[in-house]
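The structure appears below as structure tokens.
Bear in mind that the values in this text are calculations on the coordinates, not laboratory data. As the structure is a prediction and not an experimental result, all values here were calculated from the model. Methodologically, a virtual Cβ is constructed for each residue, glycine included, from the backbone with ideal geometry; neighbour enumeration extends over all protein chains shown.
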Amino acid sequence: MAKPVLTISSKNYGAWALRGWLMARLAGLDFSEKVIPPDDPAMKAEMLLLSSSMLVPSLEHGGVKVWDTLAIGEYLNEIKPKAGLLPADIKARAHCRAICGEMHSGFSALRGALPMNIKAHFPGFKVWSRAQADIDRVLAIWKECFAAYGGPFLFGKQPCMADAMYAPVVTRFLSYDVPLDKASVAYCKRVMELPAMKEWVTAAKKEPDEIDELDAEF
């Protein structure tokens with residue numbers, strides 16, 4: 001069987017690409033990367049938040065091609081069930097799917113006001129009210145998960161699909177200097193210390209600054 005191929009976009013700006021890539025890493029899938037160029041229409045659609053249905057990332061595996069980040073996560077859970085991308089308990093699994101779906105379809109104000117930009121840092125960044133409402137909802141989700149499953153990750157002792165879905169938000173909170181409670185600060189630190197996240201961030205920082213539309217300070 002040919003080695004699986006994961007098509008992704010920019011590691012500095014690509015929030016959906018990070019989600020799919022991190023899921024594949026957490027699942028233990030041995031894959032190669034195909035990075036689409038900055039001028040590709042699919043890349044620009046993802047980076048500039050112009051499309052709600054992304055064809056990036058996409059995974060080719062054993063004759064199967066699957067795109068959309070949630071679909072990739074569900075597929076990885078099927079082929080790598082022991083990796084624990086979804087919790088074993090049915091109630092926790094339903095909860096995990098619900099908060100993953102909420103991230104997948106919501107938080108548009110947060111996405112628009114605080115686009116992912118790992119290399120950037122904006123101390124004292126002023127967050128407008130609609131984006132703050134999204135931030136408050138994210139923090140409420142995290143608090144509920146910590147209380148229900150005991151941490152240190154959203155659904156217990158190991159990172160899962162939900163942590164991958166919220167990982168780009170972690171990078172946004174750090175880039176835009178978002179004030180956080182103590183538990184959320186600790187969670188962000190845990191996510192960023194994952195070996196896979198360190199690998200992604202290292203690669204992101206080596207990327208050339210080729211997407212000028214996202215380099216503006218808001």
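For the ranges 12-24, 56-68, what's the packing order if you count other beta-carbon atoms within 10 Å of each residue, average per peptide, and put the highest first?
Highest to lowest by the protection proxy: 12-24, 56-68.
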key: For the stretch 125-172 versus the stretch 62-103, the gap between their alpha-carbon centres in whole angstrom   = 17
Per-residue ³J(HN,Hα) for the stretch 83-90, Karplus 6.51 cos²θ - 1.76 cosθ + 1.60, θ = phi - 60°, Hz, x for Gly and Pro = 6, x, 4, 10, x, 6, 6, 5
ask   = Roughly how compact is the chain, stated as its Cα Rg over 2.2 N^0.38 Å to two decimals?
value = 0.96
